[in-house]
Ligand code: NI
């Protein structure tokens, strides 16, 4: 499931993050990829050891925690500490797949089920820089307003097209979901959305209660915790 999550960050949070990132030291993004990725990756990242990366990452995780749509879509079990990248001067990341198992740094591992990109500057600030995601329904082109995020299956082939004017600044990270299977996660998301709609209308309370019970029983059947 490819889903647009609007308004993850407020205008004030965005301005603060941008101010700090504008003054940051960036390094070659090839430091964090394997051989296949390194051949097609041309961008800059905050180093993994950067205190700024850790600080801004916490702020983003806190914003995600309070976003009901993100939670409903990803059903997160673990989230990789957010990373930050910058594409400029033709910077690009050709078609690749993301690693399936990642180190969390505390000895724990994370299986990447869901990929997330959070856009940190406006689409008008740069030309190119579209995120292209290939899934079973074809090719999707994504370029979102600052503060908005896209979540998509980590199993998909994807690329970032060359940035030919300005700079594209984003945060990106992966989620291990309680629900490993994308189709099951999508069904739970759709059921949850229907329950929310019924609840905000004048629906029969008993029917809403029954559907809510069904949602939780499916989650109980399928969730890994
Ligand atoms: Ni990727």
Residue 58/residue 198 FRET efficiency (R0 25 Å; Cβ-Cβ; nearest 0.05): 0.10
Globularity ratio of the range 1-89, using Cα Rg and 2.2 N^0.38 Å: 1.20
Rounded to 10°, Cα long-axis angle of helix 182-200 versus longest principal axis of the chain: 60 degrees
Cα-based helix-to-principal-axis angle, 205-222 vs the chain, degrees rounded to 10: 50 degrees
Whether the range 182-222 is rounded, prolate or oblate, judged on the alpha carbon gyration tensor where a/c under 1.5 counts as rounded: oblate
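Please arrange 83, 168 by how many other C-beta atoms lie within 10 Å of their C-beta, fewest to most.
Final ranking by Cβ density, sparse to dense: 83, 168.
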0 to 90° range, to nearest 10: angle between helix 51-65 axis and the chain longest Cα axis: 20 degrees
Förster radius 45 Å - calculated FRET efficiency between residue 206 and residue 11, Cβ distance, rounded to 0.05: 0.60
Alpha-carbon centroids, the range 91-144 and the range 157-225: separation in whole Å: 18 Å
log₁₀ of I(q)/I(0) at q = 0.12, 0.15, 0.16, 0.22 Å⁻¹ - the range 131-225, Debye sum with one point per alpha carbon: -0.59, -0.81, -0.87, -1.15
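Can you give the Rg to Rh ratio of the chain, both from alpha-carbon atoms, with Rh computed by the Kirkwood formula?
Rg/Rh: 0.99.
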Top of 77, 157, 209 by mean-square fluctuation, Gaussian network on the chain, Cα under 10 Å: 209
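Determine, for 215, 137, the number of other Cβ atoms within 10 Å of each Cβ, and report the residues in order from fewest to most.
Listing 215, 137 from fewest to most nearby Cβ atoms yields 137, 215.
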Prolate/oblate/rounded call for the range 160-206, Cα gyration tensor, a/c under 1.5 rounded: prolate
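Each reported figure results from applying straightforward, stated rules to the coordinates on display, with no laboratory input. Keep in mind that this is a model prediction, so the values were computed, not measured. Backbone-built Cβ (ideal geometry, glycine too); neighbour counts: all protein chains shown.
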